[in-house]
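All of the numbers you see were taken from the coordinates with simple rules; none came from a lab. This structure is a prediction, so every number in the text was calculated from the model and none was measured. Here the Cβ positions follow ideal geometry from the backbone for every residue, glycine too, while neighbour counts run over all protein chains shown.
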Amino acid sequence: MTVLQPFVWGRSMADHFLKIRGLEKSYAMGVIKVLNGLDLTMTSKDRLVVIGPSGGGKSTLLRCIMGLENIAAGAIDINGEPYIGADNGATRIDRRIQKQIGMVFQSYTLFPHLNVLKNLTLAPVRSRGVPRSVAEDRAREIMRRFGLDQKLTAYPSELSGGQKQRVAIARALMLDPKLMLFDEVTSALDPELVSEVIAMIIELADGGMPMMIVTHDMWFARRIATRVVFCAGGTIAEDAPPEEFFARPTSQRARDFINNVLHANAEPA
Amino acid sequence: MDNLDFSVVWKFRDALAWGLMMSLLLSGICSLAGTVLGFFIALCQQSRFRAVRWAAALYVEVLRGAPTLITLFWVFFCLPIILGVEINAFWSSIIALTLYMGAITSESFRSSLKSIGQDQYDACNALGLAPATRTFYVIAPQALIRAIPNILSNVISLFKESTLVSAVGMVELMYTAQSISNITARPIEILTAVALIYFVIGYGFSWVVSSVELRIRARVQS
């Protein structure tokens, strides 16, 4: 693995932007299989929304793509280059490629002891060697773009949940990612704070950022997805454009899931 | 009992003030040294090398398990024989109290390190921070902040434990009080006054601790 040559994300091979083959992941010494030979491809034009029942492997899928999990088998290629692979129980990760993927989590995960500016500049300065002044200028620019420039010196504890999550997204954007992963980023938010976070993600999407989103918010899924994949039992059970998926799901599990979710939304218990 | 005379306390105010100053000095030095030692021990307990982890754990268990008075006597009476050098009451006190503070403080650091959630590690890894950067800039600072209230409580314990050093002839508040009550034959007045001094300082300090704790709580929530 060489670190001398920066990895280049070409748009020409759009069909092979992200290719996952036979991904397997298990916990508790292989007793609990979370991903069960999952196959998935994504183009650079895709905004992929992953939905499905709890424990179906959605979040694990994103964590594997981010390189946060050891995998049992399978491989992930990006632009036709091997990114993650399983080698006799060990997981190989190409760190050059990993550094160009950004991820935002459900629980904000801001660094509580650092103010917003430091949260944004820590990784560029300490991990990418960006000069501090350059990183700070970029942080100001990003914060201005998303209407958060009043909060640069605030600490995470002084922000609302929605602001925290937008800062977390901004922190990922500081590293100029070529693919963004959003793992239930609105699930921990009070309902009135969800829209500001969704608006920020939609703005990114409109700017052409490829993304993969795990969400339980069906309105959001419909609004942003170019493709909806239904993840259950550790595999992709269904993969379709959103209008098709929500109108005519082909698998029984997806039909049941959608009925349950829509029913729950219509008649809250 | 009907002729209590607290003026004796005032009469010996200079000696008591000197004793108090020595107690505070001793507690201060040993708190600082012990906190540094404790942080080092806590890191040793996370070491990749089993021998280092075991040595650190052994140190903590022995020092926390043994009465501090025994540690003090051991340093005062046994260590000079083993090392072949004179260790006076002052240095014996410093060494014994620092060893005690190091042991209890390493536990404070250890639990604060453990209390940092997996999501902070995930965030660091997703941002591509190297393990050393992660520890130095994200995990250790949060652990230090979280440990502060605990460390301050340890300082109060240490301040109270420091009365023990009077047993090896270290002149501090407790030793001074004993001497004065022997000379004046007024133990009730002197020892009550000294108890009050320990209480006021300990209680005042714990009040500081809880207000610090409130401020810190805001800084450790992501």
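Between rounded, prolate and oblate, where does the protein assembly as shown land on the alpha carbon gyration tensor, with a ≥ b ≥ c its root eigenvalues, rounded for a/c under 1.5, else prolate if a/b exceeds b/c? Mind showing how you got there, number by number?
Numbers: a/c = 2.90, a/b = 2.42, b/c = 1.20.
It is prolate, given that a/c is not under 1.5 and a/b is the larger ratio.
Checking the table A:19/A:58; A:118/A:151; A:19/A:164 against a 20 Å threshold on Cα-Cα, which pairs fail? It would help to have the intermediate numbers written out before the result.
Numbers: A:19/A:58 16 Å; A:118/A:151 12 Å; A:19/A:164 32 Å.
Pairs exceeding 20 Å: A:19/A:164.
Given the Cα-Cα distance of residue A:33 and residue A:187 and 0.36 nm per residue of separation, how much length would full extension add, in nm? Provide the component values of the computation, followed by the final result.
Working: separation 154, 0.36 × 154 = 55.44 nm, distance 2.45 nm.
Separation in residues times 0.36 nm, less the Cα-Cα distance, equals 53.0 nm.
Among A:219, B:91, which comes first, then next, by fewest other beta-carbon atoms within 10 Å? The partial results should precede the final answer.
Working: A:219 11, B:91 15.
The fewest-first ordering by Cβ neighbours comes to A:219, B:91.
Can you tell me the orientation of helix B:50-65 relative to chain B, as the angle in degrees between its alpha-carbon axis and the longest Cα principal axis, to the nearest 10?
It works out to around 30 degrees.
Just check the stretch B:73-185 against the gyration tensor rule for me: Cα atoms, a ≥ b ≥ c as the square roots of the eigenvalues, rounded for a/c under 1.5, and otherwise prolate or oblate depending on whether a/b exceeds b/c. Don't skip to the answer; put the middle values down first.
Working: a/c = 5.12, a/b = 2.40, b/c = 2.14.
Judged from the Cα gyration tensor, the stretch B:73-185 comes out prolate (a/c at least 1.5, a/b above b/c).
If we count other beta carbons within 10 Å of each Cβ, what is the order of A:99, A:118, fewest first? Provide the component values of the computation, followed by the final result.
Details: A:99 21, A:118 17.
The order, fewest Cβ neighbours first, is A:118, A:99.
Would you please give the FRET efficiency between residue A:95 and residue A:202, computed as 1/(1 + (r/R0)^6) with r the Cβ-Cβ distance and R0 = 30 Å, to the nearest 0.05?
On the way: r = 31 Å, r/R0 = 1.02.
Computed FRET efficiency for residue A:95 and residue A:202: 0.45.
So for A:113, A:216, fewest C-beta neighbours within 10 Å to most, what's the order? Let's see the in-between values first.
Working: A:113 21, A:216 15.
The order, fewest Cβ neighbours first, is A:216, A:113.
Estimate the FRET efficiency between residue B:70 and residue B:18 by the formula 1/(1 + (r/R0)^6), using the beta-carbon distance for r and 30 Å for R0, to the nearest 0.05. List each step's numbers first, then the result.
Numbers: r = 28 Å, r/R0 = 0.93.
Once the sixth-power term is evaluated, E becomes 0.60.
Across peptide B:135-145, how many C-beta atoms of other chains are within 10 Å of each residue C-beta, on average? Please list the in-between numbers first.
Numbers: counts 0, 1, 9, 6, 1, 0, 4, 4, 1, 1, 2.
Per residue, the average neighbour count from other chains is 3.
Pop the C-beta distance of residue B:32 and residue A:158 into the FRET formula with R0 = 30 Å and round what comes out to the nearest 0.05. Each step should come with its number before you reach the end.
Details: r = 32 Å, r/R0 = 1.06.
So, using R0 = 30 Å, E works out to roughly 0.40.
Once every DSSP H run of n ≥ 4 in the protein assembly as shown is given -39500 (n - 2.57) and the sum is divided by its residues, what mean residue ellipticity at 222 nm do you get, rounded to the nearest 500 deg cm²/dmol?
Details: 19 runs with 262 residues, N = 491.
It lands at -17000 deg cm²/dmol.
Can you tell me the Rg and Dmax of chain A, counting just the alpha carbons, in angstroms?
According to the Cα coordinates of chain A, Rg and Dmax are 18.7, 57 Å.
Can you give me the angle between helix B:187-219 and the longest principal axis of chain B, using Cα atoms only, in degrees from 0 to 90, rounded to the nearest 10?
In chain B, helix B:187-219 runs at an angle near 20 degrees to the longest axis.
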